[in-house]
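See structure below.
The values are calculated or read from the model by the stated rules, or taken from the named source; none is laboratory data. Fair warning: this is a prediction, and the values are worked out from it, not measured in the lab. Here Cβ is always computed from backbone atoms with ideal geometry, including for glycine, and neighbour counts include all displayed protein chains.
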């Protein structure tokens, strides 16, 4: 199944947080990273945004950190 890609406006609408907060949390590792689609165009994977919403930021970060530790 293909993952739907979401632009920043979609992410803001779904999460209810501001664009500035999204970028700030991304930089802090507390929000899913964007994917460069082309040139200056970026998107987020809908499945990652939905997982972030479902788990909450703290649990999402802990799960991501745990998965990164396994990969190293």
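Go over the candidates 4, 19, 36 one by one and state the one that is touching a helix residue (DSSP H, G or I) at 6+ places or on another chain (Cβ under 9 Å) and without any contact (Cβ under 8 Å) to a residue 12 or more places away in the chain. One residue alone meets the criteria, 19. Annotation note: Cβ proximity below 9 Å between a residue of the stretch 48-72 that is on the phi > 0 side of the Ramachandran plot and at pLDDT 75 or above and a residue that is surrounded by 12 or more Cβ atoms within 10 Å (Cβ to Cβ) and assigned to a helix (DSSP H, G or I) (sequence gap 6+ or interchain) occurs for no pair. Return yes or no: is residue 11 free of Cβ contacts under 8 Å to residues at least 60 places away in the same chain, part of a strand (DSSP E or B) and touching a strand residue (DSSP E or B) at 6+ places or on another chain (Cβ under 7 Å)? Taking the combined requirement at face value, the residue does not satisfy it.
Scanning the stretch 18-34 for residues that are assigned to a loop (DSSP other than H, G, I, E, B) and over 15 Å from residue 54 (Cα atoms) yields 18, 28, 29, 33, 34. Of the residues that sit in the stretch 22-33 and are out of contact with any helix residue (DSSP H, G or I) (no Cβ under 8 Å at 6 or more places or on another chain) and surrounded by 11 or more Cβ atoms within 10 Å (Cβ to Cβ), which one is nearest to residue 7 (Cα to Cα)? Filtering first and then ranking leaves 23.
So is residue 42 modelled with pLDDT of 90 or more, in contact with a strand residue (DSSP E or B) (Cβ under 8 Å, 6 or more places away or on another chain) and part of a helix (DSSP H, G or I) or not? Spell out how you get there, then give the answer.
Values: modelled with pLDDT of 90 or more: yes; in contact with a strand residue (DSSP E or B) (Cβ under 8 Å, 6 or more places away or on another chain): yes; part of a helix (DSSP H, G or I): no.
Here the answer is no, as residue 42 does not meet what is asked.
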